[in-house]
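The next block holds one structure in the form of structure tokens; read it before the comments.
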């Protein structure tokens, strides 16, 4: 039986998407500080109460909008070449950072999170924890194929790759594809 | 001729230090958001106008207080062993991050900097640029002695070392001395 277009759960899924799309578009246009729950509601054609029913704060909506906009690029390909596959995933993230509202949304969320531990925990749960899981699985395959040392510290490798990207984002330093290659070179070959 | 204790430049140096010491102590006690210019002035026994005369914003005072508290640990020793020397410098920073008001001050400044480009530029000028200079000099010596590859990317190595520490700070993840060893191991030996 086809879903009824006036079905309440369909309508609320429609509103939810409209809110997240409006959030990421607005933050890209006017910056994190200039987005309000009111402006999101207006752009998404919903009431402010609809937003507050689902999210406790602007930071929480923005985090979910950021998470959704990252979604198409977070998966790790597995072609059997770990450096090439990490490069594809990192360049995908760079593309989202530099061409969508993700960059300002994420920077604003992390800034707000410095005085909002619940928001910072939500960043961990929604963005970091799934990445840790997927990264660990992809690197376990690389280890089995002998592409990395048996004793390589996979968690530190993960911290290095995403840490440098976030560091450059938070300091408003440019991040170019060449940085991804340079980070992978240091992390895989070492500077010795 | 000994300086006159009521000399205006001595009095203002005394006030300057009192303001920076009060700032770093207060942020360690009550957190960045709960520190006001007023509370710094009260603790330092100066007028609010004295603070505003020297710094444009709370972020700017906090940045200078943070910079001053880092001062004792930013220099790179040169024993001829680059990994040991970087380890000493990084552990010194970790000590300041975990035992003084530097951690909350720096997190608050970077958070404020996400919507204050002047403040972010001041972070670059006061903290990052001097570190880039000192790091490059120390690594040039290491390269001359053959401790790192001739083609090693020193700027990316720097991004990696401080990037991971800041990443863990901004996500409120613990940073232990073991992390420093693990980062140095990845960066010098690579995971291959």
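The values are calculated or read from the model by the stated rules, or taken from the named source; none is laboratory data. Keep in mind it's a predicted model, so treat the numbers as computed, not measured. With ideal geometry, Cβ positions are generated from the backbone for all residues, glycine too; neighbour counts draw on all protein chains shown.
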Here is a list: B:51, B:40, B:82, B:110. Which entry is in the same structural domain as residue B:140 (by TED's automatic domain parsing) and more than 23 Å from residue A:173 (Cα to Cα)?
B:82
Test each condition in (1) more than 8 Å from chain A (Cβ to nearest Cβ); (2) under 18 Å from residue B:27 (Cα atoms); (3) surrounded by fewer than 22 Cβ atoms within 10 Å (Cβ to Cβ) for residue B:104 and report the one that comes out false.
(3)
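Okay, residues lined up against (1) more than 8 Å from chain A (Cβ to nearest Cβ); (2) surrounded by fewer than 20 Cβ atoms within 10 Å (Cβ to Cβ); (3) out of contact with any helix residue (DSSP H, G or I) (no Cβ under 7 Å at 6 or more places or on another chain):
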| position | (1), (2), (3) |
| --- | --- |
| B:116 | yes, yes, no |
| B:122 | yes, no, no |
| B:127 | yes, yes, no |
| B:140 | yes, yes, yes |
| B:145 | yes, yes, yes |
| B:148 | no, no, no |
| B:159 | no, no, no |
| B:167 | no, no, no |
Determine which member of the set A:75, A:66 is out of contact with any helix residue (DSSP H, G or I) (no Cβ under 6 Å at 6 or more places or on another chain) and within 30 Å of residue A:158 (Cα to Cα).
A:75
Can you tell me which residues in segment B:71-95 are outside any helix (DSSP H, G or I) and under 25 Å from residue B:120 (Cβ atoms)?
B:74, B:75, B:76
Residue list for segment B:96-107, restricted to those being within 18 Å of residue B:20 (Cβ to Cβ) and either in a helix (DSSP H, G or I) or not assigned by TED's automatic domain parsing to the domain that holds residue B:183 (or both)
B:96, B:97, B:99, B:102, B:103, B:104, B:105, B:106, B:107
